[in-house]
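Data first, discussion second: the structure below is written as structure tokens.
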Amino acid sequence: MSNPKQVLLITAAGTGVGWAYALTLSQQFPEAGLVTADTNPAAWCSAAQFAQHHEQWASFTADAAYIARLNSLIAQHGVTHYLPIIDPEIDFAARHRAEIDCEVLSPPAAFTALALAKDRYHAALGALGIDSPRTLSRAEIAAGQAGIAKCPGSFGGRATWPINRLEQLDTLPPDAFVQESLPGSEFTADCFPLPDGGVFVSVRERVETKSGVCTKARIAPNPTMQDMAERLVRGFALRTPFCFQAMSDGATRLAVTDINPRLGAGTLMSAANGGDFFGAHLASVFGQPLDGRLQRHHERCSVTRQYIELLTATE
């Protein structure tokens, strides 16, 4: 690896995605440095156990003060790469990358803006030939159409509510909207744009989910999800990994319900089948070859996800 040493800053490091990147960095790139930042102290942040420095700070704010905080941390610890994890911060970093004093690991701002604007999916994705649930009217809900209420910038399963009665609309936040609810299985596509213009995709059918994170998955080829991934990569000239979710109507329809401008906590499940998305991402940004990190050991398989325990502090 070239000098000076690469130093990765992970913010919102207490998330599952933060843990996945920190774990991968420690296992595959031990020569690189790690700085973590989170609202929790190091003792309550698993990823911080791999860091040379952990910064406990206030929640993300989309303002100049946050950029100043970032740049101070970057300068103090020689950070070369900044990896935001939560979707609003990824969008903010993408729009302000010229003001941040290191390489920002985020996709183009047009893609991050779309990922947050869930109320625009039907029109924006439709222009790319990608299906998504349509927005329901009050009349349709009154007639018994089931829906899912969301806020445009929600992420990680937050700010979503099942809707099946008209009176439920009166309890929603002002910016909430309601999409049609599809009754079939939910799928996640982990996606890695390749240098040759292709996309490596691992599709996970979400068999069991806990707290918004997939814990049991069935991995199998899915031509429709592959096609959607390719359309997103072409449409937004994507070069960084991402994931998206789609719901089935129980028959042939698949509609995109969520786009994440990043990998997900459940993406580690794809790694169990050879698709090491986190390792491939870090290798690519550090200028190293992918070295077979994106494989499929099996075309079809089942994967379960469990927890580990870390002793992080002693009294």
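The values are calculated or read from the model by the stated rules, or taken from the named source; none is laboratory data. Keep in mind it's a predicted model, so treat the numbers as computed, not measured. Cβ: placed from backbone, ideal geometry, glycine included. Neighbour counts: every protein chain shown. Note: areas computed on protein heavy atoms with side chains; ligands, DNA, RNA excluded. Shrake-Rupley method; radii C 1.70, N 1.55, O 1.52, S 1.80 Å.
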Only unsatisfied item for Asn71, checking (1) part of a helix (DSSP H, G or I); (2) under 22 Å from the mean Cα position of the chain (by Cα), is (2)
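Conditions tested, residue by residue: (1) touching a residue at least 60 places away in the same chain (Cβ under 8 Å); (2) of a type in the set (A, V, I, L, M).
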position: Gly198; (1), (2): no, no
position: Glu205; (1), (2): no, no
position: Thr215; (1), (2): yes, no
position: Asn222; (1), (2): no, no
position: Met225; (1), (2): no, yes
position: Arg231; (1), (2): yes, no
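Looking at region 246-262, can you tell me whether even one residue there is touching a Cys at 6+ places or on another chain (Cβ under 7 Å), assigned to a strand (DSSP E or B), open to solvent by 10 Å² or more (accessible area, probe 1.4 Å) and touching a residue at least 40 places away in the same chain (Cβ under 8 Å)? So that I can check it myself, show each step before the final result.
Of region 246-262, the ones touching a Cys at 6+ places or on another chain (Cβ under 7 Å) are 260.
Narrowing further to those that are assigned to a strand (DSSP E or B): 260.
With open to solvent by 10 Å² or more (accessible area, probe 1.4 Å) added as a condition, the list becomes 260.
Filter again for touching a residue at least 40 places away in the same chain (Cβ under 8 Å), leaving 260.
Within region 246-262, one or more residues are touching a Cys at 6+ places or on another chain (Cβ under 7 Å), assigned to a strand (DSSP E or B), open to solvent by 10 Å² or more (accessible area, probe 1.4 Å) and touching a residue at least 40 places away in the same chain (Cβ under 8 Å).
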Residue hits (region 7-46; part of a loop (DSSP other than H, G, I, E, B), more than 21 Å from Leu311 (Cβ to Cβ) and either among the hydrophobic types (A, V, I, L, M, F, W, C) or within 23 Å of the chain's Cα centre (by Cα) (or both)) are Ala12, Phe29, Ala32, Thr39
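Results for (1) over 21 Å from the mean Cα position of the chain (by Cα); (2) aromatic (Phe, Trp, Tyr); (3) closer than 30 Å to Phe286 by Cβ; (4) outside any helix (DSSP H, G or I), shown as yes or no for each residue.
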{"site": "Asp101", "(1), (2), (3), (4)": "yes, no, yes, yes"}
{"site": "Ser106", "(1), (2), (3), (4)": "no, no, yes, yes"}
{"site": "Ala110", "(1), (2), (3), (4)": "no, no, yes, no"}
{"site": "His122", "(1), (2), (3), (4)": "no, no, no, no"}
{"site": "Ile141", "(1), (2), (3), (4)": "yes, no, no, no"}
{"site": "Ile148", "(1), (2), (3), (4)": "no, no, no, yes"}
{"site": "Trp161", "(1), (2), (3), (4)": "no, yes, no, yes"}
When region 1-24 is checked residue by residue, the ones that are in contact (Cβ under 8 Å) with a residue 12 or more places away in the chain and open to solvent by 50 Å² or more (accessible area, probe 1.4 Å) are Met1, Ser2, Pro4, Lys5
Within region 25-49, residues being surrounded by 20 or more Cβ atoms within 10 Å (Cβ to Cβ) and of a type in the set (Val, Ile, Thr) number 2
If we keep only residues of region 50-97 that are within 19 Å of Leu282 (Cβ to Cβ) and of a type in the set (Ser, Thr, Tyr), then the residue least open to solvent (accessible area, probe 1.4 Å) is Tyr82
Of the residues in region 47-61, those that are touching a residue at least 24 places away in the same chain (Cβ under 8 Å), assigned to a loop (DSSP other than H, G, I, E, B) and among the polar types (S, T, N, Q) come to Gln52
